[in-house]
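The structure under discussion appears below in the form of C-alpha cells.
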Amino acid sequence: MSGSSDPGVAEESSTAPADSVSRETEGSRETDVSRETWNAQDVDTPIGAEAARAVRLMQAAVQGQLPRPSRQRVFTIANQKGGVGKTTTAVNIAAALALQGLRVLVIDLDPQGNASTALGIEHRPGTPSSYEVLIGEIGVESALQQSPHNERLYCIPATIDLAGAEIELVSMVAREGRLRTALAELKHHDFDYVFIDCPPSLGLLTINALVAAPEVLIPIQCEYYALEGVGQLLRNIEMVKAHLNPELDVSTVVLTMHDGRTKLADQVANDVREHFGNKVLRTVIPRSVKVSEAPGYGMTIISYDPGSRGAMSYLDASRELALRGGTAQDEGGRDR
Ligand SMILES: Nc1ncnc2c1ncn2[C@@H]1O[C@H](COP(=O)(O)OP(=O)(O)OP(=O)(O)O)[C@@H](O)[C@H]1O
Ligand SMILES: [Mg+2]
C-alpha cells in the first residue's frame, strides 16, 4: 500500500468540528452539513449519535431501495497518483451499493491486492485471480469469490502474479483489450455494478481497465498537489477513447480524505469542482481513522463500523452515484 496519506489525524469523535464535512454545497465554502450531523445535534452523546447513524444505515439496508441501473455499469477507478483513496473508494462504494440491494463486483487489478484484502477475499499466490483472467488462462467465473460480509458482493482478487503482467502483456496480441474480452462473459452475470481497482500507474493494467469500462471514477485526495498528474491521466483517457474505447467517459470524481480542520482541504475541493464541474460528487469523504483501520480486519467501513462518519459518507456517495446514472425506471430496463 503506498501511503502518501496520514490517516492518524482527524479522529472519529462526533464532538469534533470536522463533523460538518461529508457533504458540500456546490461552489460554496459553506459546507452543506452532512446528514450525519442531525444525529449529533439530536442526541446528547457521541455514542448516542453513532448509534443513531448505525440505525439509519441498517434501515437503508433493510429497505434496499436503490434502483437497479438500466444496464450493467462498469467503472474503472483510476488515478496514477498513489494513496489517493482508489481502493478505499472502490471497496466502500461497492459494499454500500451491495448493502442497498444491488449486485456488485470488484475486480482487483492492482498487484498490491489491497481491494482483495479490504474485502476479506483470499488472494494467496495460486488463487485464481485477475492475472489468469487477463492473460486468458481462465474465465471470469473461475475467479469470482463471494464476500464473507455480503452475499451480493463479489471480488475477482489480485495475487502477486499480476506484478509480472505489465511485462508479459507487452508481447501479447491485442494487449490493451484483453480485460475487455475477458469481461464480455460478465453479460451472463447479473451484476448491477462492476468496479475495477487500478494500480497507481498508467501502464498496461490501467489501459486494460480503461478499455474495458465505459465509466471512469477518479478519486482525488483533498491535499496539496491533488490535481498533479490528473492532466496526464485525462490525456491518456482521451487517447484510449480516440483509439480503443469510444464510449469512455470520466463520469465521476470523488473527493477523499477531507480534513475539515484545514482551509486547504476546502480550497482543493473548490479547485476540483471548478475543474470538473458536476462530475464531482457532492458528498465528500472525510479523513477518518476508522476508514483506514477497516482493511486491517478484512472489512469495508460499512461492515467494520456502520455507525461511523466514514460509513455514512460512503453510503451517501453510493446513493449519489446510483441516482445519477441511468436507472431501470428511467428506461424501463431491468427488473429486480
Ligand atoms: N477517508 C480516509 N480516511 C483516512 N484514511 C484513509 C481514507 N481513505 C483512505 N485512507 C487510507 O489512505 C491510504 C491510501 O488509501 P488507498 O489504499 O485507498 O489509496 P490508493 O489510491 O488505492 O493507493 P494505491 O495508489 O497504493 O493503490 C490507506 O492506508 C487507506 O487506509
Ligand atoms: Mg489501491
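Every number in this text was worked out from the coordinates using simple rules, so none of it is lab data. Predicted, not measured: the structure shown is a model, and the values here were computed from it. Positions of Cβ are backbone-derived with ideal geometry, glycine not excepted, and every protein chain shown enters the neighbour counts.
Condition check for residue 74 on (1) touching a Pro at 6+ places or on another chain (Cβ under 7 Å); (2) near ligand 1 (Cβ under 10 Å from one of its atoms): one failure, at (2).
Summed over region 267-288, the residues that are more than 16 Å from ligand 2 (Cβ to nearest atom), among the hydrophobic types (A, V, I, L, M, F, W, C) and under 22 Å from residue 97 (Cα atoms) give a count of 3. Look at region 259-286: where a residue is farther than 11 Å from residue 221 by Cα and a partner is of a type in the set (Gly, Ala, Ser) and assigned to a helix (DSSP H, G or I), sitting 6+ places away or on another chain with Cβ atoms under 8 Å, you get 260/18; 260/20; 261/18; 281/317; 283/313; 283/317. For region 103-123, a tally of residues being buried (at least 24 other Cβ atoms within 10 Å of the Cβ) and among the charged types (D, E, K, R) returns 2. Residues of region 191-210 being crowded, with 24+ Cβ neighbours inside 10 Å and either among the acidic types (Asp, Glu) or touching a Gly at 6+ places or on another chain (Cβ under 8 Å) (or both), which ones? Once the filter is applied, which keeps residues that are crowded, with 24+ Cβ neighbours inside 10 Å and either among the acidic types (Asp, Glu) or touching a Gly at 6+ places or on another chain (Cβ under 8 Å) (or both), region 191-210 yields 192, 197, 208. With the requirement that a residue be in a strand (DSSP E or B) and under 15 Å from residue 99 (Cα atoms), what does region 141-154 give you? Result: 146, 153, 154. Taking region 165-220 as the range and being of a type in the set (Val, Ile, Thr), under 27 Å from residue 101 (Cβ atoms) and away from ligand 1 (no atom under 16 Å from the Cβ) as the test, only 194 passes. Meeting the requirement of 1 or more residues that are of a type in the set (D, E, K, R), the helices (runs of 4 or more DSSP H) wholly within region 259-317 are 263-276, 289-293.
Restricted to region 230-244, and to residues there that are over 22 Å from the mean Cα position of the chain (by Cα) and of a type in the set (A, V, I, L, M, F, W, C), the residue that is surrounded by the most Cβ atoms within 10 Å (Cβ to Cβ) is 244.
Residue-wise test of (1) out of contact with any strand residue (DSSP E or B) (no Cβ under 9 Å at 6 or more places or on another chain); (2) under 25 Å from residue 157 (Cα atoms); (3) small (Gly, Ala, Ser).
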{"residue": "207", "(1), (2), (3)": "yes, yes, no"}
{"residue": "212", "(1), (2), (3)": "no, yes, yes"}
{"residue": "217", "(1), (2), (3)": "no, yes, no"}
{"residue": "241", "(1), (2), (3)": "no, no, no"}
{"residue": "244", "(1), (2), (3)": "yes, no, no"}
{"residue": "274", "(1), (2), (3)": "yes, no, no"}
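One residue is enough: does region 204-222 have a residue meeting the conditions in a helix (DSSP H, G or I), free of Cβ contacts under 8 Å to residues at least 60 places away in the same chain and among the small types (Gly, Ala, Ser)? Among the residues of region 204-222, not one is in a helix (DSSP H, G or I), free of Cβ contacts under 8 Å to residues at least 60 places away in the same chain and among the small types (Gly, Ala, Ser), which makes the answer no.
Quick check, is residue 69 away from ligand 2 (no atom under 16 Å from the Cβ) and either free of Cβ contacts under 8 Å to residues at least 24 places away in the same chain or of a type outside the set (A, V, I, L, M) (or both)? Taking the combined requirement at face value, the residue satisfies it.
Matching residues to (1) within 16 Å of ligand 2 (Cβ to nearest atom); (2) within 16 Å of the chain's Cα centre (by Cα):
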site	(1), (2)
148	no, no
169	no, no
177	no, no
182	no, no
190	no, no
203	yes, no
209	yes, yes
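Residue count for region 72-98, restricted to those that are more than 14 Å from ligand 2 (Cβ to nearest atom) and of a type in the set (A, V, I, L, M, F, W, C): 6. Whether any residue in region 121-132 is in contact with a Cys (Cβ under 8 Å, 6 or more places away or on another chain) and touching a residue at least 12 places away in the same chain (Cβ under 8 Å) is what I want to check. Looking for residues that are in contact with a Cys (Cβ under 8 Å, 6 or more places away or on another chain) and touching a residue at least 12 places away in the same chain (Cβ under 8 Å), one finds at least one in region 121-132, hence yes.
Would you pick out the residues in region 159-179 that are over 21 Å from residue 91 (Cβ atoms), in contact (Cβ under 8 Å) with a residue 60 or more places away in the chain and crowded, with 17+ Cβ neighbours inside 10 Å? The one that is over 21 Å from residue 91 (Cβ atoms), in contact (Cβ under 8 Å) with a residue 60 or more places away in the chain and crowded, with 17+ Cβ neighbours inside 10 Å: 176.
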